[in-house]
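Below is one structure; the comments refer to it alone.
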Amino acid sequence: MKLSGNFLLASVIESLGEAMALVGKAGIDRRQYLDILISTLFDAPVYKTYGGLIADGQFEPAGFAAALGHKDIRLILAAAEGLRVPLPLASLLGDRFLTLLAHGGDKLDWSAIGRLASKDAGEMED
């Protein structure tokens, strides 16, 4: 159950990162966007906490290290394979964590995967 919870949290982080990359590329301030989200549709601690970290690019010190997030996603994928449950989003998350780790993000907070979409969109350097 813990792994499935972490899978859901990582999914929220990735989707927040992608949404912020989209609005950021359009010239909308990420923090203002987040404030609108958490005051309307997504008034939940997970969006406030991880959205704030992503919007501010604040990934140190790590509350939960990216290497641990990667381990949990690998474990959930192994469990899913054993149960023959396809988890396409978990596969994507595994790739996102691997990308982050490949770029030296081992000690960053796992929410740093939320900035990969902005890098993919050409908004920032490594």
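The values are calculated or read from the model by the stated rules, or taken from the named source; none is laboratory data. Keep in mind that this is a model prediction, so the values were computed, not measured. Cβ: placed from backbone, ideal geometry, glycine included. Neighbour counts: every protein chain shown. Only protein heavy atoms, including side chains, enter the accessible area calculation; ligands, DNA and RNA are left aside. Shrake-Rupley method; radii C 1.70, N 1.55, O 1.52, S 1.80 Å.
What to note about this one:
- Here the extension length gained between GLU81 and MET1 equals 27.2 nm, from 0.36 nm per residue of separation less the Cα-Cα distance.
- Ranked order, ARG115, ARG74, ARG84, ARG31 - accessible area, probe 1.4 Å, largest first: ARG84, ARG74, ARG31, ARG115
- Modelled FRET efficiency - R0 25 Å, LYS48 with ARG74, Cβ distances, 0.05 increments: 0.35
- The slack between ALA67 and LYS107, meaning 0.36 nm per residue of separation minus the straight C-alpha distance, is 13.7 nm.
- DSSP H segments from the chain that extend 18 Å or more along their own axis, Cα-based, with Kyte-Doolittle mean of -0.5 or above: 2-25, 66-83, 88-102
- Relative contact order for the chain, counting Cα pairs under 8 Å that sit 6 or more residues apart, in percent: 39
- Cβ-placed point charges (K, R +1; D, E -1), dipole of the range 27-126 about Cα centre in debye, nearest 20: 300
- Unit charges on C-beta of K, R, D, E only; dipole of the range 22-61, Debye: 120
- Cα centroid of the range 36-95 to Cα centroid of the range 101-126, whole Å: 13
- Extended-chain gain in nm, criterion 0.36 nm per residue less alpha-carbon gap, ARG31 and SER15: 4.2 nm
- Cα gyration tensor category, rounded, prolate or oblate, for the range 2-97 with a/c compared to 1.5: prolate
- Per residue value of the accessible surface for the chain (all protein chains in place, 1.4 Å probe), Å²: 56
- In nm, spacing of pseudo-spin labels at LEU8 and GLN58 (7 Å Cα→C-beta vector): 2.6
- GluC sites (Glu not before Pro) within the range 21-126: DSSP coil, no more than 13 neighbouring Cβ in 10 Å: GLU123, GLU125
- Among ILE28, GLY94, GLY51 the positive-end extreme of the charge dipole of the chain (Cβ point charges): GLY94
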